[in-house]
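A.B. asks: Pasting a structure below so you can have a look.
The values are calculated or read from the model by the stated rules, or taken from the named source; none is laboratory data. What you see is a predicted model; the values in this text were computed from it and never measured. With ideal geometry, Cβ positions are generated from the backbone for all residues, glycine too; neighbour counts draw on all protein chains shown.
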Amino acid sequence: MKVILNNLLCTCLILVICLSCSKEDKSDLVVVGLENEIQTLNPLYTMSEVEANISELLFLGLVGHDWDYEKGEPTSFPVLASSIVWNNDSSSVLISLRNDVKWENGKNLTADDVIFSFDLYSDKSVQSRFYGTFYNYYLNKDLSIDLKKTFEIINPQKFRINFLPHRNTSCYDFDFPILPKYLFEKVHRSDLALSDTISITSGTGPYKIKEWKKNQYVKLIATSKSIYSSATQIKELIFKIIPDYTSRLYQLKNNNIDLTEFIKPEDVENLASQGKFVLKQRTGREYDYLGLRTNSAETKNSAKTGLFDSPRIRKAISMAINRESIVQEHLRNKGSLMSNPVAPIFSSVQNKNVNPLPFDLNEAKLILNSEGWNDSNNDGYLDKNGNMFSFALNFPSGNPLREYTAIRIQNNLKAAGIKVELKGLEPTVFFEKMFNKQFEAWLAGWSIPVPLNLKPYWHSDPKLAPGNISSYKNKRADEILNLLDSRLPNNVRTTLIKEFQKIISEDQPVVFLFWIDNSVAINSRLRNVKVTPLATIQKCWEWEIN
């Protein structure tokens with residue numbers, strides 16, 4: 001009996017020691033829960049928004065951005081730059097660098113580092129995430145930046161960037177993390193994607209990588225030499241990978257993580273009522289739509305039925321779908337109806353005369369009848385020339401919102417006399433088929449770029465608009481999108497964007513469903529966490545712990 005008691009006491013003692021050791025001191029530590037794995041933090045190759053935002057804690061850029069809620073647009077400010085001076089027509093900009101920015105080797109940041117970084121980003125052999133996006137620069141045939149025409153070094157701390165004439169330039173044209181030339185030039189450019197240089201170096205940011213365990217977490221620790229380093233900044237940030245939503249929510253409630261995004265609408269009210277969380281909404285960056293293929297597609301893989309060629313048919317389908325009920329019942333009003341792809345956050349260019357189409361089943365039926373679709377055999381479905389109005393609606397499986405939306409669309413359109421077959425596909429298969437234009441109809445969504453850029457989604461040229469999956473084509477819309485690439489007075493630009501909204505709302509190239517809010521839960525022990533249309537994980541050096 002004595003032996004058993006001794007063993008029991010030893011076991012309890014070990015358990016107490018283990019529990020006390022496992023309870024991490026969080027007095028100067030913040031844990032962020034992430035849904036998806038971090039593939040890379042190399043600024044050349046970060047693809048997701050989260051990867052890019054974390055990477056920017058390691059490597060700062062020439063400029064940073066805030067959101068001006070009054071104007072409904074981003075504003076820019078110098079970061080590694082000390083001054084930014086544009087010429088009269090904004091075809092060139094003179095940039096002076098701060099003289100207090102040093103690399104890990106003790107050397108100052110110079111214009112050479114900046115130009116080297118831009119050369120890497122635009123190099124075809126590097127294939128960075130920015131390759132092929134330097135539209136306003138002088139380029140070589142392989143789309144790399146022509147360094148001689150573009151950059152003019154005044155001195156090590158000052159340089160000029162020359163842009164193509166008459167282009168719509170802004171600080172976003174040189175908003176890239178600046179890399180240390182002395183380190184990255186040691187790696188062959190074709191090997192940069194596999195290099196561990198990013199893991200072993202410290203950049204200009206206020207944090208550096210302490211530990212990285214794939215599929216588990218990334219730990220960052222504060223540095224003392226960044227321009228954003230301070231005595232009050234949080235000393236350690238952990239980005240913890242928790243793919244399962246239920247587990248992520250459990251860890252949030254039990255104080256294992258301090259912040260996470262994409263809280264489900266049904267959990268927002270419960271978290272807010274507990275008194276230990278702050279719930280913030282990131283609005284106007286994501287929307288869902290019902291894609292409808294038209295006959296203008298130029299691909300052998302496309303479904304060419306011509307079913308949705310008429311804007312009136314697309315309008316009827318939109319009016320037959322009770323989108324508001326989806327926003328109210330599934331999104332719990334954490335979203336809003338939409339009429340066009342210009343988000344309400346861009347308030348200064350919003351066309352207030354363009355409104356979402358109403359849910360009106362009777363009007364939808366009348367439009368369909370006027371287009372020759374009638375139920376001639378009384379089977380409950382419309383037909384024309386012996387063909388039933390039916391189509392397959394494809395959507396990515398495992399997405400509760402889109403699964404719910406698909407069922408609602410099927411039921412709503414059945415009431416209008418349209419037969420819809422639902423097809424849920426594994427996401428990888430779904431998106432491959434979607435981008436190859438193999439669907440007749442599909443449910444998907446887009447994230448809105450900042451600054452506002454409509455061309456990649458709505459121009460008729462597939463080379464300029466890989467996001468125009470429905471093959472939408474409107475001559476005036478193309479003209480407007482081309483004009484918006486040029487330098488224009490603000491009032492002219494605003495007028496054009498408002499005209500575009502009217503055109504696309506009338507054409508209904510897709511059924512615009514709703515804007516989706518991103519609900520962010522933040523432990524109330526955290527202060528100064530700013531959730532804006534730009535990002536959630538931003539300016540983490542300003543975060544503080546109560």
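A.B. asks: Just to be sure before I move on: is E37 assigned to a loop (DSSP other than H, G, I, E, B) and at pLDDT below 60 in the structure I sent?
C.D. replies: Values: assigned to a loop (DSSP other than H, G, I, E, B): yes; at pLDDT below 60: no.
The answer is no for E37.
A.B. asks: Out of curiosity, is I522 among the β-branched types (V, I, T) and closer than 29 Å to Q410 by Cα? Please lay out each step first, then the result.
C.D. replies: Values: among the β-branched types (V, I, T): yes; closer than 29 Å to Q410 by Cα: no.
No.
A.B. asks: Go through region 120-178 and count every residue that is under 24 Å from the mean Cα position of the chain (by Cα), in a strand (DSSP E or B) and among the β-branched types (V, I, T).
C.D. replies: So the answer is 0.
A.B. asks: Can you list residue pairs whose Cβ atoms sit under 6 Å apart, with the first residue in region 418-443 being over 24 Å from S318 (Cβ atoms) and the second being buried (at least 19 other Cβ atoms within 10 Å of the Cβ)? Count only pairs 6 or more apart in sequence or on different chains.
C.D. replies: Filtered contacts from region 418-443: P427/P396.
A.B. asks: Here is a follow-up. Restricting to region 523-541, count the residues that are touching a residue at least 40 places away in the same chain (Cβ under 8 Å), touching a Ser or Thr at 6+ places or on another chain (Cβ under 9 Å) and not aromatic (F, W, Y).
C.D. replies: Summing the residues that are touching a residue at least 40 places away in the same chain (Cβ under 8 Å), touching a Ser or Thr at 6+ places or on another chain (Cβ under 9 Å) and not aromatic (F, W, Y) in region 523-541 gives 3.
A.B. asks: What are the residues in region 83-97 that are surrounded by fewer than 20 Cβ atoms within 10 Å (Cβ to Cβ) and either in contact with a Leu (Cβ under 6 Å, 6 or more places away or on another chain) or not hydroxyl-bearing (S, T, Y) (or both), if any?
C.D. replies: Of the residues in region 83-97, the ones surrounded by fewer than 20 Cβ atoms within 10 Å (Cβ to Cβ) are 83-92, 94, 96.
If the condition is that a residue be surrounded by fewer than 20 Cβ atoms within 10 Å (Cβ to Cβ) and either in contact with a Leu (Cβ under 6 Å, 6 or more places away or on another chain) or not hydroxyl-bearing (S, T, Y) (or both), then I84, V85, W86, N87, N88, D89, L94 are the ones that fit.
A.B. asks: Have a look at W543, W442 and point out the one that is surrounded by 19 or more Cβ atoms within 10 Å (Cβ to Cβ) and touching a Gly at 6+ places or on another chain (Cβ under 6 Å).
C.D. replies: Values: W543 fails: touching a Gly at 6+ places or on another chain (Cβ under 6 Å).
Sole residue among the options that is surrounded by 19 or more Cβ atoms within 10 Å (Cβ to Cβ) and touching a Gly at 6+ places or on another chain (Cβ under 6 Å): W442.
A.B. asks: Right, here's the next one. Here are some residues: L183, L220. Which one is out of contact with any Phe, Trp or Tyr (no Cβ under 7 Å at 6 or more places or on another chain) and either in contact (Cβ under 8 Å) with a residue 40 or more places away in the chain or in the same structural domain as L97 (by TED's automatic domain parsing) (or both)? Steps first, please.
C.D. replies: Working: L220 fails: out of contact with any Phe, Trp or Tyr (no Cβ under 7 Å at 6 or more places or on another chain).
From the options L183, L220, the qualifying one is L183.
A.B. asks: Is it true that G398 is more than 30 Å from F346 (Cα to Cα) and either among the charged types (D, E, K, R) or more than 23 Å from the chain's Cα centre (by Cα) (or both)? Working first, answer last.
C.D. replies: On the way: more than 30 Å from F346 (Cα to Cα): yes; either among the charged types (D, E, K, R) or more than 23 Å from the chain's Cα centre (by Cα) (or both): no.
The answer is no for G398.
A.B. asks: Return the pair list, or none, for Cβ contacts closer than 9 Å from residues in region 453-473 that are closer than 14 Å to D507 by Cα and in a helix (DSSP H, G or I) to residues that are of a type in the set (V, I, T) and at pLDDT 95 or above, at least 6 apart or on different chains.
C.D. replies: Once the first residue is closer than 14 Å to D507 by Cα and in a helix (DSSP H, G or I) and sits in region 453-473, its partners that are of a type in the set (V, I, T) and at pLDDT 95 or above give W458/I504.
A.B. asks: Looking at the structure I just gave you, is D100 part of a loop (DSSP other than H, G, I, E, B) and either closer than 29 Å to L57 by Cβ or small (G, A, S) (or both)?
C.D. replies: Numbers: part of a loop (DSSP other than H, G, I, E, B): yes; either closer than 29 Å to L57 by Cβ or small (G, A, S) (or both): yes.
Here the answer is yes, as D100 does meet what is asked.
A.B. asks: Still on this structure: Across region 480-495, what is the total count of residues that are hydrophobic (A, V, I, L, M, F, W, C) and more than 13 Å from L452 (Cα to Cα)?
C.D. replies: Step one: of region 480-495, the residues hydrophobic (A, V, I, L, M, F, W, C) are 480-481, 483-484, 488, 492.
Adding the requirement that they be more than 13 Å from L452 (Cα to Cα) leaves 480, 483, 488, 492.
Number satisfying all stated conditions: 4.
A.B. asks: Among the residues of region 98-110, is any closer than 30 Å to N482 by Cβ and surrounded by 14 or more Cβ atoms within 10 Å (Cβ to Cβ)?
C.D. replies: Within region 98-110, the subset closer than 30 Å to N482 by Cβ is none.
Checking region 98-110: not a single residue is closer than 30 Å to N482 by Cβ and surrounded by 14 or more Cβ atoms within 10 Å (Cβ to Cβ).
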